Every structure is written in C-alpha cells, then in structure tokens.
Amino acid sequence: MFFDHVTIEVRSGNGGNGAVSFRREKYIPNGGPDGGNGGRGGDVIIRADRNLNTLSDYRFKHHFHAGDGEPGRGNRMAGASSDNLILKVPPGTLILHAETREMIADLKEDGDETVVAKGGIGGRGNMCFANSVRQAPRFATAGKTGETFKLDLELRLLADAALVGFPNAGKSTLLSVVSAAKPKIASYPFTTLQPILGVVDVGGSRFVMVDVPGLIEGAADGAGMGHDFLRHVERARILIHVVDASSLDGTDPLDRYRAINQELEKYKNLIGKRPVWVVLNKIDLVTEEEVRQLKEAIEADGYRVFALSGATTEGVRAFTQALAAEIVSLPLPELEELEQRKVFRYEKKYDFTVTRDKNLVSVEGPFIRELMLSTNFGDTESFRHFQKRIIESGIQDALLDAGVEEGDEVLLDGSSFEFSL
C-alpha cells in the first residue's frame with residue numbers, strides 16, 4: 001500500500017539529573033562533593049533512505065520517543081547519554097510542523113537527515129558547584145526536558161517526468177511500454193489509484209517517469225484526490241500532458257486538454273514553472289487528418305506535441321528519445337513552500353507561562369519544573385541559588401506584572417509559595 005502523508009509525534013530524551021554525593025573513604029573524613037553530571041537525552045533524527053518508497057512504516061505507529069539520559073552518580077561518575085532515535089523515510093520527504101505548516105527540512109537525497117527534536121542536556125552534579133566559599137553544596141541541577149513536536153511527513157515523489165491527464169487517457173499504458181513498471185491497465189477510468197514510478201532506459205540514458213492517477217476538473221481545488229495527486233508532480237523536471245486523441249467517450253479532446261491545463265495553472269502555477277509537452281495518445285483510433293488538426297491547434301498554444309499510440313507503440317520511440325535528450329538539460333525544481341529550517345526548537349531561553357485563575361497565580365513550564373527538581377529547599381545555599389534563578393529568568397517581574405503583591409500565595413509547578421521581594 002502506498003502512503004504519502006502521515007502525522008507523527010516525536011519526543012527527544014530528557015537529560016539525566018545531576019547527583020548529590022560526598023566522598024566517603026577511610027582516612028578521608030572530608031572528601032568533598034563528588035556527585036557526577038547526568039547524561040544527555042537522545043535526539044530524534046529523520047533520515048532519507050533510498051531503500052524506502054513509501055511512508056507505510058508510520059501507518060499504525062505515530063508516537064516516537066528517544067531514550068532519556070541516566071542520572072549522575074557518586075565518585076564523579078557521569079550518567080550515560082542515550083542513543084539518538086533515527087527514523088527513516090523515502091527521499092523526497094518533506095518534514096513540516098503540524099500546527100504551523102512551517103517546513104523543517106526537505107530530505108531530497110539518500111542520506112539527508114535533520115534533527116527534529118534536540119535531546120535535553122544532563123544536569124550538573126554537586127561537584128560542579130563547589131568553590132572556596134561553598135565547599136559542601138548539597139544540591140545539583142535537574143536534566144533538561146526533551147522537546148515534543150507533532151510533525152507532518154509528506155512524500156513528494158522524485159521523478160524527472162510526470163504523466164498527467166484525464167482518467168483513461170492511456171498514461172499507464174504508456175508507462176508500461178517505455179519502462180518495466182507494471183501498472184494496472186483496464187478499459188475503465190480510475191484504474192490507477194496511486195502514483196507509480198518507472199525507470200526509462202533510452203540508449204544507456206536513464207530517467208524516472210511517474211504515472212499520476214487521473215485528474216478531474218476541480219482537482220486544483222481538492223476535488224477527487226486532486227491535492228494528493230498533484231503534489232507528486234511538483235518535483236518533476238517536465239510535465240507530460242497525455243491527451244486521449246479519440247472522442248469515443250463523446251467529449252472533445254481539445255476541451256479535455258484545456259481543462260487539465262487550467263487545473264495545473266491553478267495549482268501553484270505549475271504550467272508557468274515547468275516545461276510542458278503534450279502527447280496525443282490513441283492515434284490508432286482516429287484518422288491522420290484528425291490527429292493533424294488536433295496537433296496544429298495545440299502547437300498554436302506554444303507546446304511541443306507528440307502523436308503516438310501506447311497500444312501499438314507507434315511514435316513511442318521518437319518521443320522517449322526526445323524526452324531523454326531534454327531532461328538532461330533541465331534542473332530539478334525547488335519547492336516553493338515556507339522557509340526551510342534544519343532544526344525546530346524553542347527560541348525562549350527560559351520557557352515558562354504565568355496564568356491567573358481567580359486570585360491564584362500559577363507559574364508552569366519546563367524551566368520552573370527543572371528548577372524545582374534541582375533545588376534542595378532544606379539547604380541554604382541551594383535555596384539562594386533558587387531565588388537567584390527566579391529573578392534572572394524574569395519570573396519575579398512576570399509575577400509583579402500579573403499583580404502579585406508581597407505575601408500573596410503563588411503556585412510554582414503546582415507547589416505553593418508565599419511571594420516575597
């Protein structure tokens with residue numbers, strides 16, 4: 001089954017907490033603090049792998065967590081850092097922030113990768129806080145909390161040429177003739193329900209062609225599976241508009257040709273940004289005069305036109321040879337999405353929120369949570385460090401702006417404190 005769009009949630013690992021420990025050995029009664037630092041949490045990395053061609057690995061599992069760092073130990077032993085979590089996707093996958101649709105990365109080539117969630121750094125053990133004045137610190141810091149994000153993964157197939165057109169125009173037949181691909185072929189519309197790739201070999205020159213399922217009028221506005229199919233032609237170097245030259249279904253080939261062109265123009269102006277060739281297919285079902293008139297009418301619009309029959313292979317060789325020569329000179333188009341960023345993370349140094357519920361003000365968020373875990377409120381030096389961090393982080397100013405006064409009750413990560421300046 002072909003899956004080209006999934007939403008997943010990723011969480012990087014938390015950093016391990018620093019240790020509070022003191023050296024205790026025979027004949028060394030005052031060995032001093034020796035609490036080690038916590039280990040680093042694992043990153044979440046998404047990497048392109050050429051052995052994959054679908055996002056089906058994420059069909060049922062949507063939550064991915066990297067490992068947490070281990071806490072520090074005594075005797076200056078640091079906690080082990082966790083391994084990174086690597087998620088593999090096919091080349092051509094876009095990674096976007098699910099809520100803002102901001103692009104995080106565009107993994108085009110095999111081996112391309114990006115860090116989507118940075119692991120938390122480990123907390124510092126009490127040995128890091130010892131100095132000539134504070135010789136026996138009884139506190140350590142907690143490890144940083146990992147990042148959690150919801151991501152959209154969208155696969156945009158990497159093909160040199162894309163076959164587009166109405167259902168039953170003969171795109172699948174043409175692909176099966178010029179490549180080893182085996183798409184489903186039948187005499188009724190919508191036999192192709194998912195994009196199919198095929199490798200075309202012309203005298204040692206190879207290129208990739210994709211058969212995009214049939215489009216209908218309104219596809220650019222999302223009719224049918226419009227957007228799901230059209231996004232797979234965005235990376236193509238050239239668009240091949242396949243037109244059924246016969247009128248067996250009672251419609252005019254020129255009307256069908258103009259209708260698909262209009263959809264391509266409405267969808268991100270693909271007509272203006274990509275070279276477009278027109279293929280008149282099924283010429284074995286019409287007269288030479290009808291083919292000539294249809295070809296002249298389309299050439300008048302400025303398009304290069306080929307007349308062929310996928311069923312009999314008439315004209316196919318000349319078409320593939322011309323296409324192979326053209327593709328060599330065409331650049332791979334860039335996607336015009338939002339600005340690409342390699343890592344998406346918080347920009348605030350101190351991440352907390354201050355909220356008021358009736359007369360009670362609460363401070364919540366990763367920063368205050370880590371600060372509370374790091375503080376030994378029974379130790380004077382640790383509490384002084386806590387007060388210093390409350391001031392320098394801006395929490396005290398935020399509480400004053402919220403109208404908190406001396407003696408008021410304040411909740412810090414759910415714990416009650418009396419506000420004092």
Is it true that some residue in the range 98-105 is modelled with pLDDT under 90 and within 25 Å of W277 (Cα to Cα)? no
Selected residue (criterion: nearest to the chain's Cα centre (by Cα)) from residues of the range 37-57 that are assigned to a loop (DSSP other than H, G, I, E, B) and crowded, with 21+ Cβ neighbours inside 10 Å: D43
For the range 85-110, which positions are surrounded by fewer than 17 Cβ atoms within 10 Å (Cβ to Cβ) and assigned to a loop (DSSP other than H, G, I, E, B)? A98, E99, T100, R101, E102, E109, D110
If we keep just the residues of the range 160-200 that are among the aliphatic types (A, V, I, L, M) and in a loop (DSSP other than H, G, I, E, B), which is modelled with the highest pLDDT? A169
Can you give me the number of residues within the range 8-36 that are out of contact with any Leu (no Cβ under 7 Å at 6 or more places or on another chain), part of a strand (DSSP E or B) and among the β-branched types (V, I, T)? 1
For the range 201-283, give me every one of the helices (runs of 4 or more DSSP H) that falls completely inside it and has 2 or more residues that are modelled with pLDDT of 75 or more and under 27 Å from the mean Cα position of the chain (by Cα). 253-266
Which residues, counting only those in the range 373-395, are surrounded by 16 or more Cβ atoms within 10 Å (Cβ to Cβ) and either aliphatic (A, V, I, L, M) or farther than 27 Å from N131 by Cα (or both)? I390, I395
Any idea which of V116, V133 is surrounded by fewer than 21 Cβ atoms within 10 Å (Cβ to Cβ) and either in contact with a Phe, Trp or Tyr (Cβ under 7 Å, 6 or more places away or on another chain) or free of Cβ contacts under 8 Å to residues at least 40 places away in the same chain (or both)? V133
Of residues in the range 314-361 being outside any helix (DSSP H, G or I) and of a type in the set (S, T, N, Q), the one modelled with the lowest pLDDT: Q340
Take D68 and decide whether it is farther than 30 Å from S374 by Cβ and either of a type in the set (D, E) or in contact (Cβ under 8 Å) with a residue 60 or more places away in the chain (or both). no
With criteria (1) in contact (Cβ under 8 Å) with a residue 60 or more places away in the chain; (2) out of contact with any Asp or Glu (no Cβ under 6 Å at 6 or more places or on another chain), R59 comes up short on (1)
Scope the range 9-38; condition within 16 Å of G72 (Cα to Cα) and either touching a Pro at 6+ places or on another chain (Cβ under 8 Å) or aliphatic (A, V, I, L, M) (or both); matching residues: G16, N17, G18, A19, V20, S21, F22, R23, P33, G38
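Looking for something more than 16 Å from P71 (Cβ to Cβ) and not β-branched (V, I, T) - is there at least one such residue anywhere in the range 38-45?
Filtering the range 38-45 down to residues more than 16 Å from P71 (Cβ to Cβ) leaves 43-45.
Then keep just the ones that are not β-branched (V, I, T); that gives 43.
Checked the range 38-45: at least one residue is more than 16 Å from P71 (Cβ to Cβ) and not β-branched (V, I, T).
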Among (1) closer than 21 Å to I260 by Cβ; (2) buried (at least 21 other Cβ atoms within 10 Å of the Cβ), P167 falls short only on (2)
Among the candidates T148, T141, which residue alone is surrounded by 21 or more Cβ atoms within 10 Å (Cβ to Cβ) and not assigned by TED's automatic domain parsing to the domain that holds F306? T141
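The values are calculated or read from the model by the stated rules, or taken from the named source; none is laboratory data. What you see is a predicted model, and the numbers here were worked out from it, not measured in a lab. Every residue, glycine among them, receives a Cβ derived from its backbone with ideal geometry; neighbour counts consider all protein chains shown.
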